[in-house]
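Structure first, commentary second.
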């Protein structure tokens, strides 16, 4: 087991940041000031709803701390993300923050960045054996445990389940799976099949349901790797008149996921307070740029090196605590969450 630095989350303190449309590149700050901290930030993509929120909060906090942020979107293409990081190296950024597409595919280019004296932060997803300066994420094993608990601790205890997971190239997926499988084993729940969705393409989740109705008929629970996959899964189930009769769980607390919880077609989502993650990441990126030590942090192995790390606790959200966790924290507006309810 790795050691974890815990960040205590006060959910009611943080307000919802407005989401913007995805952009190829966004530069915030005064580029004429040569002494200003320069941060390059490369996103996997903006397909997942939460990434736009992460971007907005990170950029806002970094700007408040006196840094310029150059945001780029790799659109799920590994070669494009490598090219973006090469560009950041060429521009001599002080810090590179990366939300990686492939946990093994960026190792060499991040090592190159470090050899050039650039600080590197793995945001949300670890890059293996890259010896980065900071890893900041959520407790992804706990995410999986919460999803499993959602299927066994509700009004109906699932006995046989399917897993529709994210891609194996995402290091977080293996962590989530391990937590989920542990809960299934402890509760004697059979996992009928595990399917990994390439590049988090949500439409593939629906395609899997359509092609495997024989397996769907055998289960009473489905674990979806995030709420985007759950959206497509539940739409496919609805066409077969099975939405609501099969328990579905997801993560990220997307608006549609929260709407489905109040409607009764999804039993749980895992809320990950991205405002806390993004603000903390921006603060520590600026610390790294200023040469401040992170020796006070505990570490997590990246498979080769021990990396200073910050791990934030997630929260399971059901009908019983959705108002408290989601509405009162300002993560979503009540009128939006309850839009489809009388």
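The values are calculated or read from the model by the stated rules, or taken from the named source; none is laboratory data. Since we're looking at a predicted model, the values are computed, not measured. So basically every Cβ, Gly included, is an ideal-geometry build from the backbone, and we count neighbours across all protein chains shown.
Scanning the range 238-259 for residues that are without any contact (Cβ under 8 Å) to a residue 60 or more places away in the chain, buried (at least 18 other Cβ atoms within 10 Å of the Cβ) and either on the phi > 0 side of the Ramachandran plot or touching a strand residue (DSSP E or B) at 6+ places or on another chain (Cβ under 8 Å) (or both) yields 246, 248, 257. Of the residues making up the range 62-89, those that are under 19 Å from the mean Cα position of the chain (by Cα) and either in a helix (DSSP H, G or I) or crowded, with 20+ Cβ neighbours inside 10 Å (or both) number 6. Residue 143 meets the conditions (1) at positive phi; (2) touching a strand residue (DSSP E or B) at 6+ places or on another chain (Cβ under 8 Å) in every case but one. The failed one is (1). The residues in the range 125-170 that are assigned to a helix (DSSP H, G or I) and either in contact (Cβ under 8 Å) with a residue 40 or more places away in the chain or closer than 24 Å to residue 277 by Cα (or both) can be counted, and the count is 12.
Quick one: which of 206, 236, 253, 230 is within 28 Å of residue 340 (Cβ to Cβ), in the same structural domain as residue 150 (by TED's automatic domain parsing) and not in a helix (DSSP H, G or I)?
Working: 206 fails: not in a helix (DSSP H, G or I); 236 fails: not in a helix (DSSP H, G or I); 230 fails: not in a helix (DSSP H, G or I).
Sole residue among the options that is within 28 Å of residue 340 (Cβ to Cβ), in the same structural domain as residue 150 (by TED's automatic domain parsing) and not in a helix (DSSP H, G or I): 253.
Taken together, the residues in the range 299-320 that are part of a loop (DSSP other than H, G, I, E, B) and more than 21 Å from the chain's Cα centre (by Cα) amount to 4. All but one of (1) free of Cβ contacts under 8 Å to residues at least 12 places away in the same chain; (2) at positive phi hold for residue 90, so report the exception by its number. Checking residue 90 against (1) free of Cβ contacts under 8 Å to residues at least 12 places away in the same chain; (2) at positive phi, the one that fails is (2). Criterion applied to 191, 222 was being surrounded by fewer than 20 Cβ atoms within 10 Å (Cβ to Cβ) and either modelled with pLDDT of 95 or more or not in a helix (DSSP H, G or I) (or both), and the one residue passing it is 191.
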